[in-house]
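The values are calculated or read from the model by the stated rules, or taken from the named source; none is laboratory data. What you see is a predicted model; the values in this text were computed from it and never measured. Note that each Cβ is placed from the backbone with ideal geometry, even for glycine, and that neighbours are counted across all protein chains shown. Ligands, DNA and RNA are excluded from the accessible area calculation, which covers all protein heavy atoms including side chains. Shrake-Rupley method; radii C 1.70, N 1.55, O 1.52, S 1.80 Å.
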Amino acid sequence: MTDLTRSTDNDLAAFALTLITSRQNILPKRLAAPGPSDAQVNDMFLAAASAPDHGMVMPWRFVLVPSSRRAVLADAFGLALAERDASATPEQIEQAREKAFRAPFLALAIARLGPSEPDIAPLERMVSVGAAIQNFLLCAHSMGFGSSLTSGQAMHSAALRQLFALTEGEQAVCCINVGTVIKRKPARLRPDVAAFVSSL
(Lines give C-alpha, C1' and ligand atoms only; values in the text may rest on other atoms or scores of the structure.)
Protein backbone atom coordinates (compact mmCIF):
# COMPACT_ATOMS: atom_id res chain seq x y z
CA MET A 1 0.00 0.00 0.00
CA THR A 2 1.44 3.37 -1.00
CA ASP A 3 1.43 6.44 1.24
CA LEU A 4 -1.09 8.08 -1.11
CA THR A 5 -3.44 5.10 -0.91
CA ARG A 6 -3.10 4.99 2.87
CA SER A 7 -3.80 8.72 3.10
CA THR A 8 -6.88 8.37 0.87
CA ASP A 9 -8.18 5.47 2.95
CA ASN A 10 -7.69 7.49 6.13
CA ASP A 11 -9.54 10.44 4.62
CA LEU A 12 -12.45 8.20 3.60
CA ALA A 13 -12.61 6.63 7.05
CA ALA A 14 -12.62 10.06 8.71
CA PHE A 15 -15.32 11.29 6.33
CA ALA A 16 -17.48 8.22 6.97
CA LEU A 17 -17.20 8.56 10.74
CA THR A 18 -17.97 12.28 10.63
CA LEU A 19 -20.95 11.68 8.33
CA ILE A 20 -22.40 8.95 10.53
CA THR A 21 -21.86 10.65 13.89
CA SER A 22 -23.07 14.10 12.73
CA ARG A 23 -26.44 12.96 11.37
CA GLN A 24 -29.39 14.14 13.44
CA ASN A 25 -33.05 13.22 13.45
CA ILE A 26 -34.86 16.40 12.34
CA LEU A 27 -38.60 16.53 13.02
CA PRO A 28 -40.70 16.80 9.84
CA LYS A 29 -42.10 20.17 10.97
CA ARG A 30 -38.52 21.48 10.80
CA LEU A 31 -38.01 20.30 7.22
CA ALA A 32 -38.95 22.63 4.38
CA ALA A 33 -38.55 22.99 0.63
CA PRO A 34 -36.49 22.53 -1.35
CA GLY A 35 -36.48 18.78 -1.03
CA PRO A 36 -34.21 16.44 -2.96
CA SER A 37 -34.36 16.29 -6.76
CA ASP A 38 -35.40 13.13 -8.58
CA ALA A 39 -31.73 12.38 -9.31
CA GLN A 40 -30.80 12.82 -5.65
CA VAL A 41 -33.67 10.57 -4.53
CA ASN A 42 -32.49 7.93 -7.00
CA ASP A 43 -28.99 8.09 -5.48
CA MET A 44 -30.49 7.71 -1.99
CA PHE A 45 -32.27 4.54 -3.07
CA LEU A 46 -29.05 3.26 -4.67
CA ALA A 47 -27.45 3.71 -1.25
CA ALA A 48 -30.37 1.86 0.36
CA ALA A 49 -29.91 -1.04 -2.06
CA SER A 50 -26.31 -1.43 -0.87
CA ALA A 51 -27.47 -2.69 2.53
CA PRO A 52 -26.44 -6.21 3.59
CA ASP A 53 -28.97 -8.62 2.09
CA HIS A 54 -28.29 -12.27 2.93
CA GLY A 55 -29.81 -14.45 0.23
CA MET A 56 -30.48 -11.41 -1.97
CA VAL A 57 -34.17 -11.52 -1.04
CA MET A 58 -34.55 -7.69 -1.00
CA PRO A 59 -36.66 -7.67 2.17
CA TRP A 60 -37.77 -4.08 1.68
CA ARG A 61 -39.76 -1.91 -0.63
CA PHE A 62 -40.41 1.82 -0.59
CA VAL A 63 -43.42 3.79 -1.77
CA LEU A 64 -43.04 7.47 -2.64
CA VAL A 65 -45.82 9.81 -1.53
CA PRO A 66 -45.70 12.87 -3.82
CA SER A 67 -47.44 16.14 -3.00
CA SER A 68 -50.41 15.19 -5.15
CA ARG A 69 -51.08 12.14 -2.95
CA ARG A 70 -50.57 13.62 0.50
CA ALA A 71 -54.32 14.15 0.95
CA VAL A 72 -55.08 10.42 0.61
CA LEU A 73 -52.32 9.64 3.09
CA ALA A 74 -53.85 12.22 5.42
CA ASP A 75 -57.19 10.44 5.08
CA ALA A 76 -55.51 7.15 6.03
CA PHE A 77 -53.89 8.74 9.10
CA GLY A 78 -57.26 10.14 10.16
CA LEU A 79 -59.01 6.82 9.64
CA ALA A 80 -56.24 5.01 11.53
CA LEU A 81 -56.80 7.20 14.58
CA ALA A 82 -60.58 6.76 14.42
CA GLU A 83 -60.06 3.01 13.98
CA ARG A 84 -58.17 2.64 17.26
CA ASP A 85 -59.90 5.41 19.24
CA ALA A 86 -63.62 5.86 18.64
CA SER A 87 -63.60 8.82 21.04
CA ALA A 88 -61.00 10.81 19.08
CA THR A 89 -62.11 14.41 18.62
CA PRO A 90 -62.23 16.19 15.24
CA GLU A 91 -59.24 18.24 16.39
CA GLN A 92 -57.23 15.10 17.17
CA ILE A 93 -58.14 13.57 13.82
CA GLU A 94 -57.07 16.77 12.06
CA GLN A 95 -53.75 16.67 13.93
CA ALA A 96 -53.23 13.11 12.70
CA ARG A 97 -54.08 14.15 9.13
CA GLU A 98 -51.70 17.10 9.24
CA LYS A 99 -48.70 14.80 9.64
CA ALA A 100 -48.99 13.86 5.96
CA PHE A 101 -48.19 17.38 4.76
CA ARG A 102 -44.96 18.28 6.55
CA ALA A 103 -41.66 17.29 4.90
CA PRO A 104 -41.22 18.00 1.16
CA PHE A 105 -40.10 14.39 0.54
CA LEU A 106 -41.96 11.49 2.08
CA ALA A 107 -41.81 7.76 1.45
CA LEU A 108 -43.09 4.71 3.31
CA ALA A 109 -40.60 1.95 4.13
CA ILE A 110 -42.11 -1.52 4.02
CA ALA A 111 -40.56 -4.73 5.36
CA ARG A 112 -41.18 -7.88 3.32
CA LEU A 113 -41.24 -10.64 5.93
CA GLY A 114 -43.35 -13.34 4.28
CA PRO A 115 -42.07 -16.62 2.80
CA SER A 116 -38.86 -16.16 0.82
CA GLU A 117 -36.49 -18.29 -1.20
CA PRO A 118 -34.00 -18.86 0.27
CA ASP A 119 -35.72 -18.87 3.66
CA ILE A 120 -34.07 -16.01 5.55
CA ALA A 121 -35.29 -15.48 9.12
CA PRO A 122 -37.61 -12.45 9.54
CA LEU A 123 -35.37 -10.97 12.24
CA GLU A 124 -32.38 -11.09 9.90
CA ARG A 125 -34.46 -9.48 7.18
CA MET A 126 -35.48 -6.68 9.56
CA VAL A 127 -31.80 -5.98 10.22
CA SER A 128 -31.37 -5.62 6.46
CA VAL A 129 -34.38 -3.29 6.23
CA GLY A 130 -32.92 -1.11 8.98
CA ALA A 131 -29.57 -0.98 7.21
CA ALA A 132 -31.26 0.05 3.94
CA ILE A 133 -33.12 2.85 5.71
CA GLN A 134 -29.96 4.05 7.46
CA ASN A 135 -28.05 4.07 4.16
CA PHE A 136 -30.82 6.23 2.69
CA LEU A 137 -30.65 8.68 5.62
CA LEU A 138 -26.86 8.93 5.49
CA CYS A 139 -26.92 9.61 1.76
CA ALA A 140 -29.49 12.38 2.32
CA HIS A 141 -27.30 13.82 5.07
CA SER A 142 -24.25 13.76 2.80
CA MET A 143 -26.21 15.94 0.34
CA GLY A 144 -26.96 18.51 3.03
CA PHE A 145 -30.57 17.52 3.74
CA GLY A 146 -32.19 16.85 7.08
CA SER A 147 -34.19 13.70 7.64
CA SER A 148 -36.25 11.77 10.13
CA LEU A 149 -38.22 8.60 10.60
CA THR A 150 -41.81 8.72 11.85
CA SER A 151 -44.00 5.78 12.72
CA GLY A 152 -46.62 5.16 15.39
CA GLN A 153 -49.72 3.00 15.61
CA ALA A 154 -50.96 4.08 12.18
CA MET A 155 -48.32 1.78 10.66
CA HIS A 156 -50.45 -1.20 11.78
CA SER A 157 -53.83 0.15 10.69
CA ALA A 158 -56.16 -1.36 8.13
CA ALA A 159 -56.45 2.03 6.41
CA LEU A 160 -52.70 2.25 5.79
CA ARG A 161 -52.45 -1.38 4.70
CA GLN A 162 -55.19 -0.82 2.15
CA LEU A 163 -53.77 2.45 0.82
CA PHE A 164 -50.31 0.96 0.24
CA ALA A 165 -51.63 -2.42 -0.92
CA LEU A 166 -49.64 -4.32 1.69
CA THR A 167 -49.70 -8.05 1.08
CA GLU A 168 -49.49 -10.99 3.48
CA GLY A 169 -46.14 -10.83 5.27
CA GLU A 170 -45.56 -7.14 4.55
CA GLN A 171 -45.41 -4.58 7.35
CA ALA A 172 -45.22 -0.80 7.16
CA VAL A 173 -42.15 0.20 9.19
CA CYS A 174 -41.95 3.99 9.09
CA CYS A 175 -42.23 7.10 6.99
CA ILE A 176 -38.97 8.62 5.75
CA ASN A 177 -39.01 12.43 5.73
CA VAL A 178 -36.39 14.54 3.94
CA GLY A 179 -36.04 18.26 3.35
CA THR A 180 -34.05 21.40 4.01
CA VAL A 181 -33.48 22.03 7.71
CA ILE A 182 -35.06 25.24 8.99
CA LYS A 183 -34.19 24.66 12.65
CA ARG A 184 -31.72 22.31 14.29
CA LYS A 185 -31.73 21.07 17.85
CA PRO A 186 -28.50 20.77 19.88
CA ALA A 187 -26.51 17.65 19.01
CA ARG A 188 -27.33 14.86 21.44
CA LEU A 189 -24.61 13.09 23.36
CA ARG A 190 -23.68 9.68 22.04
CA PRO A 191 -23.33 6.84 24.56
CA ASP A 192 -19.84 5.84 25.54
CA VAL A 193 -18.73 2.74 23.64
CA ALA A 194 -17.97 0.95 26.91
CA ALA A 195 -21.65 1.24 27.84
CA PHE A 196 -22.72 -1.23 25.15
CA VAL A 197 -19.60 -3.22 24.19
CA SER A 198 -18.14 -6.06 26.22
CA SER A 199 -15.82 -9.01 25.62
CA LEU A 200 -16.74 -12.67 25.79
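Taken as a whole, the condition of being touching a Gly at 6+ places or on another chain (Cβ under 6 Å) and either buried (at least 19 other Cβ atoms within 10 Å of the Cβ) or hydrophobic (A, V, I, L, M, F, W, C) (or both) applies to Ala96. In the condition set (1) small (Gly, Ala, Ser); (2) within 19 Å of the chain's Cα centre (by Cα); (3) open to solvent by 70 Å² or more (accessible area, probe 1.4 Å), Gly179 is compliant with all but (3). Within the option set Arg6, Arg61, being modelled with pLDDT of 95 or more and either open to solvent by less than 90 Å² (accessible area, probe 1.4 Å) or part of a helix (DSSP H, G or I) (or both) holds for one residue only, Arg61. Sub-8 Å Cβ pairs linking a first residue in region 157-169 that is more than 14 Å from Val65 (Cβ to Cβ) to a second residue that is open to solvent by 60 Å² or more (accessible area, probe 1.4 Å) and among the basic types (Lys, Arg), at least 6 apart or interchain, are Ser157/Arg84; Gly169/Arg112, ordered by first then second residue.
Which residues, taken from region 67-93, are charged (D, E, K, R), free of Cβ contacts under 8 Å to residues at least 24 places away in the same chain and surrounded by 13 or more Cβ atoms within 10 Å (Cβ to Cβ)? If the condition is that a residue be charged (D, E, K, R), free of Cβ contacts under 8 Å to residues at least 24 places away in the same chain and surrounded by 13 or more Cβ atoms within 10 Å (Cβ to Cβ), then Arg69, Asp85 are the ones that fit. For Glu124, the criteria (1) crowded, with 16+ Cβ neighbours inside 10 Å; (2) of a type in the set (D, E, K, R); (3) in contact (Cβ under 8 Å) with a residue 24 or more places away in the chain hold in every case but one, which is (1). When each of Pro186, Pro118, Pro191 is tested for being loosely packed, with under 15 Cβ neighbours inside 10 Å, in contact (Cβ under 8 Å) with a residue 12 or more places away in the chain and not hydroxyl-bearing (Ser, Thr, Tyr), the lone residue that passes is Pro118.
Going by the structure shown, is Asp43 in a helix (DSSP H, G or I) and either more than 26 Å from Gly169 (Cα to Cα) or open to solvent by 90 Å² or more (accessible area, probe 1.4 Å) (or both)?
When the stated conditions are applied, Asp43 passes them.
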